[in-house]
Amino acid sequence: MKIAVDMDGTLTSAPSLFGQLIRDLREKGNYVALLTGQLDSGLPSLEDRQQQLRGLGIEVDAILLAKGSSDPMSHLWTCGQEKARMVREGGFDVFIDDRASFCNLVKLRNPDVLVLQIVAEDPFAGPGR
Ligand SMILES: [Mg+2]
């Protein structure tokens, strides 16, 4: 299986649990990618995300950056569309994210994908939350 997991508000909401889950999934041969947002300014950068994952003690097979707008209102649409496209083109089976609008867009564009929404409060959540 191919699983795409968001960072802000998702992995960051329960890093040790997600770390264990991702480790177990990868040990069983599943492919787990971080699929996270990036503003059109290029931030957070790939290096920022690599460092963030190291800090959380989580290893993934790939880091995918879904570009969105720096404008918070447009970001919800542009980043969501990008996540939906990347899920489709990456052939992912499972999408995990804390943002309902992203989950809905991914499901709309990828009806066969299992979409799981994380419900959590997170002080480290990204822009526009
Ligand atoms: Mg999020």
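The values are calculated or read from the model by the stated rules, or taken from the named source; none is laboratory data. Please read these numbers as outputs of a predicted model, since none were measured by experiment. Reconstructed Cβ throughout: ideal geometry from the backbone, glycine too, with neighbour counts over all protein chains shown.
Note on the stretch 99-123: residues that are within 14 Å of the ligand (Cβ to nearest atom), outside any strand (DSSP E or B) and over 15 Å from Ala14 (Cα atoms) amount to 8. For the stretch 1-16, a tally of residues being of a type outside the set (S, T, N, Q) and either in contact with a Cys (Cβ under 7 Å, 6 or more places away or on another chain) or near the ligand (Cβ under 7 Å from one of its atoms) (or both) returns 4. Filtering the stretch 23-56 to residues that are over 11 Å from the mean Cα position of the chain (by Cα), within 16 Å of the ligand (Cβ to nearest atom) and among the hydrophobic types (A, V, I, L, M, F, W, C) leaves Leu39, Leu43, Leu53, Leu56. Assess whether Glu59 counts as being modelled with pLDDT of 95 or more, within 16 Å of the chain's Cα centre (by Cα) and surrounded by fewer than 20 Cβ atoms within 10 Å (Cβ to Cβ). Yes, satisfied. Please work out if Gly55 is small (Gly, Ala, Ser), over 22 Å from Leu116 (Cα atoms) and not in a loop (DSSP other than H, G, I, E, B). Yes; evaluated as a whole, the condition is true for this residue.
Residue count for the stretch 17-47 satisfying the condition of being exposed (fewer than 14 other Cβ atoms within 10 Å of the Cβ), at pLDDT 95 or above and not aliphatic (A, V, I, L, M): 6. Tallying residues that are more than 15 Å from the ligand (Cβ to nearest atom), at negative phi and either acidic (Asp, Glu) or not in a helix (DSSP H, G or I) (or both) within the stretch 72-98 yields 4.
If you go through the stretch 17-52 and keep only what is part of a helix (DSSP H, G or I) and touching a residue at least 12 places away in the same chain (Cβ under 8 Å), you end up with Phe18, Gly19, Ile22, Arg23, Leu25, Arg26, Leu46, Arg49, Gln50, Gln52.
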